[in-house]
Amino acid sequence: SEVATMMDVPVTKVISACMSLGMMVTMNQRLDAETLSIVADEFGYEVDFVTADLEESIEEVVDNPEDLVERAPIVTVMGHVDHGKTSLLDYVRKENVIAGESGGITQHIGAYGVELENGNKIAFLDTPGHEAFTAMRARGAQVTDIAIVVIAADDDVMPQTKEAISHAQAAGVPIIFAINKTDLPTANVEKIKEKLASMNLLVEDWGGKVQSQDISAKTGAGVKELLEKVLLEAEILELKANPDRNASGTVVEAYLDKGRGYISTILVQSGTLKIGDYVLAGTTSGKIKAMHDERGNKIKEAGPSTPVSILGLDGAPQAGDKFSVMEDEREAKDIASKRTQLQREQSVRTQRHITLDEIGRRIALGDFKELNIILKGDVDGSVEALTDSFQKLSTEEIQVNIIHKGVGAITESDVLLASASDAIIIGFNVRPAGNARQVADKEEIDIRTYSIIYDAINDLKDAMEGMLSPEM
Ligand code: GDP
C-alpha cells in the first residue's frame, strides 16, 4: 500500500504486479528489495534504497592504500568432534609466551591473541567448529582469515572434517591442516594425507599447495611450526588494515554480568577502539567505559585484529553483529533503536535466498551467474552420480557449484551453509534431521528431496531453463 501511494497507482495494481511474479501478497505486506525493484520498474519508477539495510546508513570508509598497515591473521579451528580442536586451542593459550607473561590467559572471552617469540601476532576465535563460523557468516560477518582444520591421525577424514573443509572453501578462507594426535602409536599420518589427496586436497609434502602440519595438541609437538605456517599463509594474504580511524569490527560474544552490566567481546578489524568511544553494535549502543584483554588486563586502546572485552553497551548484541564507532551518541542510539524496530517487524528481509522456482527468472534478469548447491544423499554412489550430472548442467550463463556434498541427513549446519552462501539444498533419499527443517523455514532456504535421480536432474534442468512449474 505504501509503495502504491508513493507511485500514485491503485494498490490493486501493485498487488496484481506481484501476483504476476508469482507472489500472493496483501496490502500490508512488506516487499523485499528485489521485488520492490521489479514492481517499481513496471510502473516506470526506479528504486533508490537508502536505509533498506541499516548497515548502509553507516558510512563506509575507504582507506587510502598508504594508510594500511599489516595486521595479525584471525584464525578459526575446525574439525570433527574429538579430533582435538579444544586441546589445540588450550595448548596455544597455555603455552603462549609474551615476554615475562608466560601463559596467563585465564579468561574465556571468546577470542584471544597470542604473540610468538619473533613478535608476530595471531588472533584465535575461541569457539571451535564450522557451525559457529558459518552462523556468523550467515549473519553477514566474515571474521576468519585462515581456518585450521584438525584431523586426528588415529582416525580418518570424517563427515565433519569434510563439512569443515566445505564451509571454509565456501567462505573462500584458506585451510591449513593440523594432523593431530601424532603421539599415539596408532597414528597414521600418511593415510590421512592420502585421503585428502583423493579429495583433491594435495598437501605440500605430497607435492601440492595446501599447507599441513603434523602436531600433537597433547605434547605440543609441531604446534610452533603450525603457527609459523599460519603466519606464512597470512603473509600471502597480505592482511592489512588502517589503525588510524574510528574502529569497526564484529561482535564475538556478549552476556549480562550481574555486577558489571553487559559485557561484550568484540574483534576490532579496522581502526583503533578507545575508551570513551560511542559504539553501535547490532541493536545496542553505548559509550565504552572499560576495556580488558584476554588476560584480564585493563587496556585503553585496541587496534586491528585485537579481541577485546568491552563494558558500556546498553544490551547484549548477537555474535556476528557488526560494530562501529559513531561520531555522536545520539546517532548511535537512533540507529540502534531503528534496528530494534525493524527487527520487531519480523517479516522484514532485505535479502531473500534463492529457490529452485526462482532460478529461471533470476537468470533471465541476468544478475545470477552461479547456482550453489548443497547435496546430501544416502550413499556415496548416488551423491557422486548427481554431482557429475548437476555440474554438466552448467551453461555459459550459469555455473553450477556443488559447494558441499556428503552422505547423511540434511543437518542444521547444511542449512546455515546454504544461508551463508545463498545455496539450495538437494537431498537424495535423505530428509532434514533435527532442527534442520525449522531453521530452513526461518532462513527461507529451499530444500528439495528426491528418490529418483532422473527427477532431481530434470527439476534442476527445468528450473535453469525457467520452465519449472511451481511446487504445489
Ligand atoms: P574436540 O572435540 O575436537 O574439541 O576434541 P578435544 O580437544 O576435546 O579432544 C578429544 C580427546 O582427544 C580428548 O580426550 C583429548 O585429551 C584427546 N586429544 C586431543 N589431542 C590429542 C593429542 O594430540 N594426543 C592425544 N593422545 N590425545 C589428544
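The values are calculated or read from the model by the stated rules, or taken from the named source; none is laboratory data. This is a predicted model, so every value here is computed, not measured. Here the Cβ is made from the backbone with ideal geometry for all residues, glycine too, and neighbour counts use every protein chain on show. The area values use the complete protein model at the heavy-atom level, side chains included, leaving out ligands, DNA and RNA. Shrake-Rupley method; radii C 1.70, N 1.55, O 1.52, S 1.80 Å.
Taking the full set of protein chains and a 1.4 angstrom probe, give the accessible area of residue 257 in square angstrom, rounded to the nearest 10.
40
Could you compute the FRET efficiency for residue 19 and residue 202, with r as their C-beta to C-beta distance and R0 at 60 Å, rounded to 0.05?
0.70
DSSP loop GluC sites (Glu not before Pro) in region 119-208 with at most 11 other Cβ atoms within 10 Å of their Cβ, which ones?
Filter output for region 119-208: empty list.
Quick one: grab the alpha carbon gyration tensor of region 244-389, order the square roots of its eigenvalues as a ≥ b ≥ c, and give me rounded if a/c is under 1.5, else prolate or oblate depending on whether a/b is larger than b/c.
Prolate.
How large, in percent, is the carbon and sulfur part of the accessible surface of the chain at a probe radius of 1.4 Å? Let's see the in-between values first.
Working: 11130 of 23130 Å².
About 48 percent, which is the carbon plus sulfur part of the accessible surface.
Whole number in Å², please: accessible area per residue of the chain, 1.4 Å probe, ligands, DNA and RNA not counted.
49
Counting other Cβ atoms within 10 Å of each Cβ, which GluC sites (Glu not before Pro) in region 288-333 have at most 13 and sit in a DSSP loop?
327
Please identify every one of the trypsin sites (Lys or Arg not before Pro) in region 161-233 that sits in a loop by DSSP and has no more than 13 other beta carbons within 10 Å of its own beta carbon.
On the way: sites: 162, 181, 191, 193, 195, 209, 218, 224, 229; in loops: 181, 209, 218.
Answer in residue order: 209.
Quick check for you: which residues of region 423-446 have the amide N under 18 Å from the point 7 Å beyond the Cα of residue 385 toward its beta carbon?
It comes to 426-431, nothing else.
Quick query: amide H of residue 312 versus all other amide H atoms, modeled in the peptide plane; which residues come in under 5 Å with a sequence gap of 5 or more or a different chain?
Those lying under 5 Å, H to H, from residue 312 are 262, 289.
Using a 1.4 angstrom probe on the protein heavy atoms only, line up 154, 380, 422 by accessible area, largest first.
Working: 154 65, 380 95, 422 35 Å².
I get 380, 154, 422, largest accessible area first.
Could you tell me the accessible area of residue 292 in Å² (1.4 Å probe, neighbours in place), rounded to the nearest ten?
Roll a 1.4 Å probe over it and residue 292 shows about 30 Å².
Give, in nm to one decimal, the length gained when the segment between residue 195 and residue 107 is fully stretched (0.36 nm per residue of separation minus the Cα-Cα distance).
Values: separation 88, 0.36 × 88 = 31.68 nm, distance 3.75 nm.
Taking 0.36 nm per residue and subtracting the Cα distance, the gain is 27.9 nm.
Using DSSP, restrict attention to beta bridges with both residues in the chain and report what percent are antiparallel, rounded to the nearest 5.
50
Rounded to the nearest 0.05, what FRET efficiency is calculated for residue 334 and residue 30 with R0 set to 30 Å and r the Cβ-Cβ distance?
In this case the efficiency is close to 0.90.
Under 1.5 on a/c is rounded, so check that first for region 157-265, then, if it is not, pick prolate when a/b is larger than b/c and oblate when it is not; a ≥ b ≥ c are the square roots of the alpha carbon gyration tensor eigenvalues.
prolate
How would the chain be classified by its alpha-carbon gyration tensor: rounded, prolate or oblate, with rounded meaning a/c under 1.5 and the a/b versus b/c comparison settling the rest?
It is oblate, given that a/c is not under 1.5 and a/b is not larger than b/c.
Heavy-atom accessible area of residue 333 with all protein chains present, probe 1.4 Å, nearest 10 Å²?
110
Can you figure out the FRET efficiency of residue 184 with residue 429, using R₀ = 25 Å and their beta-carbon distance, to the nearest 0.05? Show your work: numbers first, answer last.
Values: r = 37 Å, r/R0 = 1.46.
The calculated FRET efficiency here is 0.10.
Assuming 0.36 nm per residue, please report the length gained on full extension of the stretch residue 115 to residue 209 beyond their Cα-Cα distance.
Details: separation 94, 0.36 × 94 = 33.84 nm, distance 2.65 nm.
Stretched fully, the residue 115-residue 209 segment lengthens by 31.2 nm.
Give me the extension gain from residue 12 to residue 258: residue separation times 0.36 nm, minus the current Cα-Cα distance, reported in nm with one decimal.
Contour length minus the Cα-Cα distance gives 83.2 nm.
Could you grab the relative contact order for region 399-448? Cα pairs under 8 Å, six or more apart, rounded to a whole percent.
42
Between their Cα atoms, which of 193/218; 162/369; 229/376; 121/333; 121/289; 376/461 are more than 23 Å away from each other?
In this structure, 162/369; 229/376; 121/333; 121/289 lie more than 23 Å apart at Cα.
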